[in-house]
1. What number of residues within the stretch 50-109 satisfy the criterion of being in a loop (DSSP other than H, G, I, E, B) and either among the aliphatic types (A, V, I, L, M) or without any contact (Cβ under 8 Å) to a residue 12 or more places away in the chain (or both)?
2. Say we look at the stretch 91-102 and pick out the residues that are surrounded by fewer than 11 Cβ atoms within 10 Å (Cβ to Cβ) and over 14 Å from Leu46 (Cα atoms); which of these is modelled with the highest pLDDT?
3. For residues in the stretch 1-38 being among the basic types (Lys, Arg) and part of a helix (DSSP H, G or I), which is farthest from Arg86 (Cα to Cα)?
4. Output the number of the condition that Ala59 fails; it satisfies all remaining conditions of (1) loosely packed, with under 15 Cβ neighbours inside 10 Å; (2) touching a Gly at 6+ places or on another chain (Cβ under 8 Å).
5. Please state which of the following conditions Leu52 fails to meet, knowing it meets all the rest: (1) buried (at least 18 other Cβ atoms within 10 Å of the Cβ); (2) over 16 Å from the mean Cα position of the chain (by Cα); (3) among the hydrophobic types (A, V, I, L, M, F, W, C).
Amino acid sequence: MELTSKQRAQLRGMANTLEVILTIGKGDITDNVVESANDALEAHELIKCKVLENSMLSAREACEELAKRAHAEPVQVIGNKFVLYRHSRKLGEKCINLVQPKQRKTAGRKYENN
């Protein structure tokens, strides 16, 4: 599911108050890191991650790689931090309700020549 700009803005606002849950260090993105991200996304849907300075990856590279491997959507990358989102069915009513995109109206009127 591709996020719209309004949905991304909504998630960015929610991520402002989040604490960093996952830290990527000197090693690459390992299976353990992906598993931790999957667990955190199932529990919270929206997670903030940090890339340490001694990491071989930039924050953008780490975000793209982890999003791909965890089947999540990248929301934001700022400095050495990034935010990921993935809808969780386990949370039920506690899940994040994203803004729904508006449907564009098609040409419904027919113009007659008089």
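The values are calculated or read from the model by the stated rules, or taken from the named source; none is laboratory data. Small disclaimer: the values here were computed from a predicted structure and weren't measured. Ideal geometry is used to build each Cβ from the backbone, glycine not excepted, and the neighbour counts take in all protein chains shown.
1. The first filter runs over the stretch 50-109 and keeps only residues in a loop (DSSP other than H, G, I, E, B), leaving 52-58, 71-72, 79-80, 86-91, 95-109.
Those left that are additionally either among the aliphatic types (A, V, I, L, M) or without any contact (Cβ under 8 Å) to a residue 12 or more places away in the chain (or both): 52, 56-58, 72, 89, 91, 96-100, 102-109.
Looking only at that region, the number is 20.
2. Keep residues of the stretch 91-102 that are surrounded by fewer than 11 Cβ atoms within 10 Å (Cβ to Cβ), which gives 92-94, 97, 100, 102.
Going one step further and asking which of them are over 14 Å from Leu46 (Cα atoms), we end up with 92-93, 100, 102.
Values: Gly92: 71, Glu93: 70, Gln100: 83, Lys102: 73.
Ranking the candidates gives Gln100 first.
3. Narrowing the stretch 1-38 to residues among the basic types (Lys, Arg): 6, 8, 12, 26.
Then drop every residue that is not part of a helix (DSSP H, G or I), which leaves 6, 8, 12.
Details: Lys6: 16, Arg8: 12, Arg12: 14 Å.
Here the residue is Lys6.
4. Every listed condition holds for Ala59 apart from (1).
5. It fails just one condition, (1).
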